[in-house]
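One structure is given here, and the rest of the page talks about it.
The values are calculated or read from the model by the stated rules, or taken from the named source; none is laboratory data. Small disclaimer: the values here were computed from a predicted structure and weren't measured. Note: ideal-geometry Cβ built from the backbone for every residue, glycine included; neighbour counts use all protein chains shown. These area figures cover heavy atoms from the full protein model, side chains too; ligands, DNA and RNA do not enter into them. Shrake-Rupley method; radii C 1.70, N 1.55, O 1.52, S 1.80 Å.
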Amino acid sequence: MVHFRDPNEARKDVIVIGAGVIGLTSAIRLQETGQYSVSIVAETFPTDPKSIRYTSHWAGAHHVSHAMGDMRQRAIDKETFDVFWELSKPGAPTEGLFVRHTQTEYREDDLGPEKAYWLENMPEFKYLTDLPFDRVKTAYSFRTLTINTPAYLAYLQSRFIAAGGKTVRASINHISQVLEGGRHAFAVSPYTYSNSLSIVNRPRPPHAVIACPGIGARTLGGIMDEKVFPVRGQTLLLKAPWLDYGRTMTEEDGTYTYVMPRPGGLALVGGTREANDWYPIPREETSQAILQRAYALVPDLAEPGARYKSHLPPLPSPKPGRELPVPEGEEAIPLSMLEMNTLEAGCGLRPAREGGVRLEVEWHSAGKQKDVKIPVVYNYGHSGYGFIASWGSASYALKLLEDALTQGSPQDIKGKGKSAEHRTVDGSIGGN
Ligand SMILES: Cc1cc2nc3c(=O)[nH]c(=O)nc-3n(C[C@H](O)[C@H](O)[C@H](O)COP(=O)(O)OP(=O)(O)OC[C@H]3O[C@@H](n4cnc5c(N)ncnc54)[C@H](O)[C@@H]3O)c2cc1C
């Protein structure tokens, strides 16, 4: 049979499916080794308008790990934090994409005697003893950062292209399309002739595929992972150039409120965690509730002069039928003051997965070319921590790819007398 791949090619062709934070970071990790010629094939890119089909635009995003006792996830999150800390270093060209700040977390839920042990290695971590109201059981603070996600994603895309990476826009129906034809299966004119009349841009199987389709893993043919489901999150973007700290509140019933300072004098406030909710646009009543909760958590969201006179700790969060509490000696501040500073309401679908992230290798045939076997590395299902885990997951995916290419497909391994089990790496690295 005819096999167009040139075995002597210096760089191995790799297709990355997806241009969200996971696809872009994975693609950069590979491309910057100098060993691979990477092409991203994706339906949506960072410079497109925000939409429900691309989650990464909607993330806050702060680096606050939820890894708890999952040691592999902790290593992944830590590696990512170290990269972000370097990128956000004062004087670094990328500094402006981040805000380094003090993060304070209040919790009504019981963390047990070990408390927030998985965060204790964060810079300047300390437990707080001065709790703002009775229901708060644990409070702690540490240094971390938030990211201006749309700007950061654009930076990732340009860094990838500057390293020689290629991008192709396409909506992939089935993974076999890229397995058989590579990126040229989606070129505008796949059969372009060079001067010598040989076909260039000839569709051909890549050496490997890294699949990072986010929530698209549920519907993309050849993957169709039914363990993947959306956890919808709704947020508001406000003007608040005076805000220089972040706060979260986890209530007993699971309600989670956060306020993050964002580069450019902005603040992102949220949120919601609505499992299996696919609704694609913000709900007005949810926006109102978020604004109330966020204001109770961070009264400094209102502009100086319009806010309460005293510098307040967080207040108990208002709930339906319960008014936003007004501290003694203060006048209630109309929420319309905050609405005036609201620039955008949005929502995204966190790509959650039963059993956690899928980080593993599977071997596929190159479409009709049944005897050509290609490793597919899966890197999806990061739910609410895709930014937090991005660089560590990308390194993990690179390692899986290199092991797969070195050891060969299960068939090859069997031929060499090794066990085929070596080829399939157990992928679950915990959920959120
Ligand atoms: C409100 C909210 C707040 C969040 N806050 C944080 C936070 O503070 N910190 C944090 O770390 N995370 C946060 N997250 C989670 C984070 O946004 C996600 O984990 C992350 O964006 C997932 O990235 P992804 O690359 O897997 O998916 P996406 O960004 O959705 O990218 C998927 C890519 O795959 C492509 N694709 C899919 N199917 C196909 C197909 N068939 N053909 C071609 N291309 C396809 C898409 O076009 C896109 O390019 C938050 C999420 C939300 C909604």
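Summary of computed values
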item	result
Test: residue in region 56-71 that is closer than 18 Å to Thr167 by Cα, within 16 Å of the ligand (Cβ to nearest atom) and modelled with pLDDT of 95 or more	yes
Odd one out for Tyr155, checked against (1) within 20 Å of Leu24 (Cα to Cα); (2) at pLDDT below 95; (3) of a type in the set (Ser, Thr, Tyr)	(2)
Residue within region 137-147 that is out of contact with any His (no Cβ under 6 Å at 6 or more places or on another chain), assigned to a helix (DSSP H, G or I), small (Gly, Ala, Ser) and modelled with pLDDT of 95 or more present	no
Enumeration of residues in region 90-112 that are surrounded by fewer than 17 Cβ atoms within 10 Å (Cβ to Cβ), on the phi < 0 side of the Ramachandran plot and without any contact (Cβ under 8 Å) to a residue 60 or more places away in the chain	Pro90, Ala92, Pro93, Glu95, Asp110, Leu111
Close pairs from region 75-89: first at negative phi, partner modelled with pLDDT of 95 or more and open to solvent by 60 Å² or more (accessible area, probe 1.4 Å), Cβ under 8 Å, at least 6 apart	Lys78/Asn121; Leu87/Glu95; Ser88/Glu95; Ser88/Arg100; Lys89/Glu95
Residue in region 190-197 that is modelled with pLDDT of 95 or more and either of a type in the set (Gly, Ala, Ser) or within 28 Å of the chain's Cα centre (by Cα) (or both) present	no
Given (1) away from the ligand (no atom under 11 Å from the Cβ); (2) buried (at least 23 other Cβ atoms within 10 Å of the Cβ); (3) assigned to a strand (DSSP E or B); (4) not aliphatic (A, V, I, L, M), index of the condition Tyr396 fails	(3)
Qualifying positions in region 45-75 - in a loop (DSSP other than H, G, I, E, B), open to solvent by 20 Å² or more (accessible area, probe 1.4 Å) and not charged (D, E, K, R)	Thr47, Pro49, Ser51, Ile52, Thr55, Ala59, His66, Met68, Gly69
Per-region count, region 236-248, residues open to solvent by less than 10 Å² (accessible area, probe 1.4 Å) and within 15 Å of the ligand (Cβ to nearest atom)	4
Any pair with Cβ under 7 angstrom, 6 or more apart, that starts in region 346-360 at a residue that is outside any strand (DSSP E or B) and ends at one that is open to solvent by 30 Å² or more (accessible area, probe 1.4 Å) and more than 9 Å from the ligand (Cβ to nearest atom)	Glu354/Lys227; Gly355/Lys227; Gly355/Ser428; Gly355/Gly431
Test: residue in region 249-256 that is within 12 Å of the ligand (Cβ to nearest atom) and touching a residue at least 24 places away in the same chain (Cβ under 8 Å)	no
Subset of region 142-179 (residues that are touching a Lys or Arg at 6+ places or on another chain (Cβ under 7 Å) and surrounded by fewer than 21 Cβ atoms within 10 Å (Cβ to Cβ))	Arg143, Asn148, Lys166, Val168
Selection count, region 208-224, where residues are more than 10 Å from the ligand (Cβ to nearest atom) and crowded, with 20+ Cβ neighbours inside 10 Å	3
Qualifying position, being over 22 Å from the mean Cα position of the chain (by Cα) and surrounded by 13 or more Cβ atoms within 10 Å (Cβ to Cβ), among Lys78, Lys115	Lys115
